[in-house]
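Note sheet for the following structure.
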Protein chains: 2
Amino acid sequence: MQRLHDYILQDGRVLSSHVLKVDSFLNHQVQPALIQEIGQQFAQAFHDKDVDKVITVEASGIHIAYATALALGVPFVYAKKKRAVTQSDDVYQASVMSYTRNETVEITVSKSFLLAGEKVLVVDDILANGNAVVGLLDILDAAGADVVGLGVVIEKRFQEGRAKIQSRNVPILPLASIESMEDGRVVFAKELAAESETKE
Amino acid sequence: MQRLHDYILQDGRVLSSHVLKVDSFLNHQVQPALIQEIGQQFAQAFHDKDVDKVITVEASGIHIAYATALALGVPFVYAKKKRAVTQSDDVYQASVMSYTRNETVEITVSKSFLLAGEKVLVVDDILANGNAVVGLLDILDAAGADVVGLGVVIEKRFQEGRAKIQSRNVPILPLASIESMEDGRVVFAKELAAESETKE
């Protein structure tokens, strides 16, 4: 997605070989026209999957989920985060290790809002270690929902998230796939592909 | 806003005279077409205020802020919540007592994303005790921003939020204003007004 690539290159800040700040347009300050296009891209990619519901985790997935759900014409659900491990009968719950916050949080979804057999599209802003998405997949499995795919805005392909999700047989659609961030430079997976083609 | 009133009456659950659950359409499971209309209503109400930016607090204000910002054609910012009180030089910060969670959280906004003189519209899902919004107003004052108003989806008029915001000279636009929730029944402020008119 060209506009997203442009934003990443122009406004993203590579803080280390693993940390990319995109808080000027994606997950603190947000550019709505970009998010609208992201939602339309996800909706277009999964429009033939009879999606019943879109799901994400609070907070930075919420606008992505809304834009996607609006374009698909279905509701969305965001899993809530809390610390208190008070197991409740009426929620599905999963423990997620957050490296950013260096703590384990519980993510919960009310059982009322996930039904067995529902076709659910998972979306999130960034796929890095994949822990939050794996927690969502555990919740969706517990509910007996049918996961049609995962849409992520930015995938850091060099981290372990992709492998974890693929081992669950969930198709991944990244709108920007970052191969590496060495020396402060973002290299997209497509660029690498193009380079190798040029060399052949 | 008729559609919102209908959702509250049909799908809202009055758990006590002070607690209204709207998690089936507004702040856990979300109905996107409703949110889109909410955003359009706020945008229309404040379209002549030259709004530069919309601001809210994570998590349940994010989709409201996005819908409003998209309709206005401006960026939005969501304040982040964290527990660790690690004061940082590059963020504006305010302490907010959360009655729902029974704890004090720090809300923060990066200084890069709030500039002196910017005209900012504050939005949120529910105005009850008003603590989160007051925290945002403190942050906006610290930044030297110009607050053009507060748009709230649902106002519980019998709690202290309205008075706190009005004492800051910020105009409030609620799309649904609840006068009372005694005996499990939601009474909108408009209904009361209509009743008193009828009696005259």
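A Förster distance of 22 Å, applied to the separation of the beta-carbon atoms of B:ASP6 and B:SER180, puts the FRET efficiency at 0.70. In chain A, the longest principal axis of the Cα atoms and the axis of helix A:189-199 are about 40 degrees apart.
Stick to Cα atoms and the Kirkwood definition of Rh, then tell me Rg/Rh for region A:121-170.
On the way: Rg = 10.2 Å, Rh = 10.8 Å.
Reported Rg/Rh, Kirkwood definition of Rh: 0.94.
Each copy carries a label point for A:ASP50 at 7 Å from Cα toward Cβ; from one copy, the others' points are 5.4 nm away, ordered from shortest. Once both labels are positioned 7 Å from their Cα atoms along Cα-to-Cβ, the gap between B:LYS49 and B:ALA189 label points is 1.5 nm. Each other copy places its own label point for A:ASP141 at 5.1 nm from this one, sorted shortest first, where the point lies 7 Å along the Cα-to-beta carbon line.
Restricting region A:54-155 to trypsin sites (Lys or Arg not before Pro) that sit in a DSSP loop and have at most 15 other Cβ atoms within 10 Å of their own Cβ leaves A:ARG83, A:ARG101.
How much space per residue, in cubic angstrom, does the convex hull of the C-alpha atoms of chain A take up?
Details: hull volume 24.2 nm³, N = 200.
Dividing the Cα hull volume of chain A by its residues yields 121 Å³.
A straight chain from B:ARG168 to B:ASN102 at 0.36 nm per residue would run longer than the Cα-Cα distance by 21.2 nm.
What ranking do A:THR100, B:THR104 get, fewest neighbouring Cβ atoms within 10 angstrom at the top?
Values: A:THR100 8, B:THR104 12.
By the 10 Å Cβ count, ascending: A:THR100, B:THR104.
Restricting attention to chain B, close to 40% of DSSP beta bridges with both partner residues there are antiparallel.
For region A:1-133, what is the charge dipole size about the Cα centre, in debye to the nearest 20, if Lys and Arg each add +1 at the Cβ and Asp and Glu each add -1 at the Cβ?
260
By how many degrees, between 0 and 90 and to the nearest 10, does the Cα long axis of helix A:2-11 differ from the longest principal axis of chain A? Rounded to the nearest ten degrees, it is 80.
Taking the label point 7 Å along Cα→Cβ, B:GLU103 and its counterparts in the other copies are spaced 0.5 nm apart, in ascending order.
In µm²/s, what is D for region A:93-200 at 37 °C and 0.692 mPa s, where D = kT/(6 pi eta Rh) by Stokes-Einstein and Rh is the Kirkwood radius from Cα pairs? Please report the intermediate quantities before stating the final value.
Working: Rh = 15.2 Å.
Stokes-Einstein gives a translational diffusion coefficient of 216 µm²/s.
Taking the DSSP bridge list for the protein assembly as shown and keeping only pairs wholly inside it, about 45 percent are antiparallel.
The value of relative contact order for chain A, using C-alpha pairs under 8 Å at least six residues apart, is 18 percent. Where Lys and Arg each count +1 and Asp and Glu each count -1, what net charge lies around A:PRO75 among other residues with Cβ under 15 Å from its Cβ? Surrounding charge for A:PRO75 is -3.
Average 1/r across all pairs of distinct alpha carbons in the protein assembly as shown, invert it, and you get the Kirkwood radius: 21.9 Å. Cross-link pairs exceeding 27 Å between alpha carbons, from the set A:LYS164/B:LYS21; B:LYS53/B:LYS82; A:LYS82/A:LYS111; B:LYS164/B:LYS190; A:LYS21/B:LYS21; A:LYS82/A:LYS164: A:LYS164/B:LYS21; A:LYS21/B:LYS21.
I need the calculated FRET efficiency for the pair A:LEU115 and B:LYS119, taking r as the beta carbon distance and R₀ as 30 Å, to the nearest 0.05. Intermediate results must be reported in sequence, preceding the final value.
Details: r = 44 Å, r/R0 = 1.46.
Calculated transfer efficiency: 0.10.
Can you give the calculated 222 nm mean residue ellipticity of chain B, where each DSSP H run of n ≥ 4 adds -39,500 (n - 2.57) and the sum is split over every residue, rounded to the nearest 500 deg cm²/dmol?
On the way: 6 runs with 65 residues, N = 200.
So the calculated ellipticity at 222 nm is -10000 deg cm²/dmol.
Determine the percent antiparallel among the DSSP beta bridges restricted to region A:43-138, to the nearest 5.
On the way: 11 of 18 bridges.
Antiparallel: roughly 60 percent of the beta bridges in region A:43-138.
Grab the other residues whose beta carbon is less than 11 angstrom from that of A:LYS111, score K and R as +1, D and E as -1, and report the net. Show your work: numbers first, answer last.
On the way: positive: none; negative: A:ASP89, A:ASP90.
Spelling it out: positives minus negatives among the neighbours equals -2.
Net charge near A:PHE158, counting Lys/Arg +1 and Asp/Glu -1 over other residues with Cβ under 10 Å of its Cβ? Walk me through the numbers before you get to the answer.
Working: positive: A:LYS156, A:ARG157, A:ARG162; negative: A:GLU155, A:GLU160, A:GLU179, A:GLU182.
In short, -1.
Taken along its principal axes, the alpha carbon cloud of region B:1-75 reaches lengths of 40, 26, 22 Å, longest axis first. The C-alpha atoms of chain B define a longest principal axis, and helix B:131-143 lies at about 30 degrees to it.
Laboratory data are not the source of any read-out in this text; all were calculated from the coordinates shown. If you're wondering where the values come from, they're calculated on a predicted model, not measured in any experiment. Don't worry about glycine lacking a Cβ; one is built from the backbone with ideal geometry, like all the others, and counts go over all protein chains shown.
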